[in-house]
Structures are given as C-alpha cells and as structure tokens.
C-alpha cells in the first residue's frame, strides 16, 4: 500500500493489522511481532511524512481459537508491545479493549474475525479516538 499512501498523502494513517500475523507467529514473540510491525508502520509513515499515525489494539478471540493457537492467549502482551511501540514513535495507540466484553457473542464462525455489527462498533471506537486526538 506504500504507493497508494504516497499518492494520497493522507493527514491520518490508521493502521490495523496483526490478528492473522499472531496466528502465524510473526516475529516469534510479542516483542518480535512489534519489531516487525514497527518497521512496516515506519515505512508507511515515511511515505506520508505529514500524517498522524494511529495504531489499533488487537481484539480478543474465542477460547476455542486460543486452545488451537496458544499464542492468541498472549494478546495482552502483544498489545503492551504495540502500545510501547506507539509511545516510542509518538504514534497514537487506540485501545479497543473496552469492546472485548462484547466480542465473544459477536465473532464470525472462525472465532477470530468480528461480525458486521461488531465491526461497526469497532469502527466507531476508532473514529472517536481519532477525533479526540486531532
């Protein structure tokens, strides 16, 4: 997406990826994951040097998914690393953890991805955080 970011020169970059990368154990640990994630975001930030960067937290998954992929049981550690990464780089960390209480009843059948109604709540949470920060 770097070419697109360069062409658009957005005022805000909202970065939300990572849930699938946790399953694939990107970086080998929460710390390694954050290092890889940080390098990707730095590239995006360089492509739009005037943009404010926002990074969303990773939301909970179902207990069945954690049973199959134990690394999902460490999402709190992943989010701590993402928050520290944001602080280091002066990016805004959007903590959507307040939505976790509702998530279990609002996941797709894979137990990972949000159902449409939950996507809307999550998007509203992001919009609110961006509005507060700018």
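Structure summary
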item	result
Wholly within the stretch 20-134, helices (runs of 4 or more DSSP H) carrying at least 3 residues that are under 19 Å from residue 5 (Cα atoms) and under 15 Å from the mean Cα position of the chain (by Cα)	30-47
Positions within the stretch 49-66 being buried (at least 20 other Cβ atoms within 10 Å of the Cβ) and over 24 Å from residue 111 (Cβ atoms), in sequence order	54
Subset of the stretch 26-43 [buried (at least 18 other Cβ atoms within 10 Å of the Cβ) and either touching a strand residue (DSSP E or B) at 6+ places or on another chain (Cβ under 9 Å) or modelled with pLDDT of 95 or more (or both)]	37, 38, 41
Residues satisfying the stated conditions in the stretch 67-83, i.e. surrounded by 15 or more Cβ atoms within 10 Å (Cβ to Cβ) and either more than 14 Å from residue 21 (Cα to Cα) or in contact (Cβ under 8 Å) with a residue 60 or more places away in the chain (or both)	77, 78, 80, 81, 82, 83
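The values are calculated or read from the model by the stated rules, or taken from the named source; none is laboratory data. Given the structure is predicted, the values throughout are model-derived calculations rather than measurements. Cβ: placed from backbone, ideal geometry, glycine included. Neighbour counts: every protein chain shown.
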